[in-house]
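Computed from the coordinates by the stated procedures, all read-outs in this text should not be read as laboratory data. Everything numeric here is computed off the predicted structure, so don't read it as measured data. For neighbour counting, all protein chains shown are included, and Cβ atoms are generated from backbone atoms with ideal geometry for every residue, glycine included.
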Amino acid sequence: MRFVLVILLLIAPIEAGRAAPAAMGGPGAASCAEFAQAYKSNPVAAGNFYFAWAQGYISGLNSIALQTNQQFIDLAAMSFPDQQMFIRQYCDQHPLAAYVQGVLDLIERLPKRSPQSN
């Protein structure tokens, strides 16, 4: 129950600011400053919540890439803790950026692989 409450508290600021149509939802649409505030309050819950969104986002991009026989992002090229740290450091340096910008910066650092190389 406490975990559910933490998640609801993390989502509330994201949902409250929505009035116009949006192309992106969830934690990725939050600012890095919002992520930092949530992370400071509860590093494990916030870190896992936001990073799960990041992994889903990248996995979704990979799903499209694989379906169209394009290169995919190699998530195994960097450990998950290192990926989390990379995004946290990005957000620390860019508090006004959206969390997704840190994820996109991570994607640029990860190698791309050909579907045939699997």
inquiry  = I'm checking my understanding of the structure. Among residues of segment 56-85 that are surrounded by 14 or more Cβ atoms within 10 Å (Cβ to Cβ) and in contact with a helix residue (DSSP H, G or I) (Cβ under 7 Å, 6 or more places away or on another chain), which one is farthest from GLN101 (Cα to Cα)?
reply    = GLN71
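Every residue in segment 34-64 that is among the β-branched types (Val, Ile, Thr) and either over 20 Å from ASP105 (Cβ atoms) or without any contact (Cβ under 8 Å) to a residue 40 or more places away in the chain (or both), please.
Our first condition is that a residue be among the β-branched types (Val, Ile, Thr); within segment 34-64, this holds for 44, 58, 64.
Listed by number, the residues that qualify are VAL44, ILE64.
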task = Specify which of the listed residues (PRO81, PRO95) is under 20 Å from PRO27 (Cα atoms) and assigned to a loop (DSSP other than H, G, I, E, B).
result = PRO95
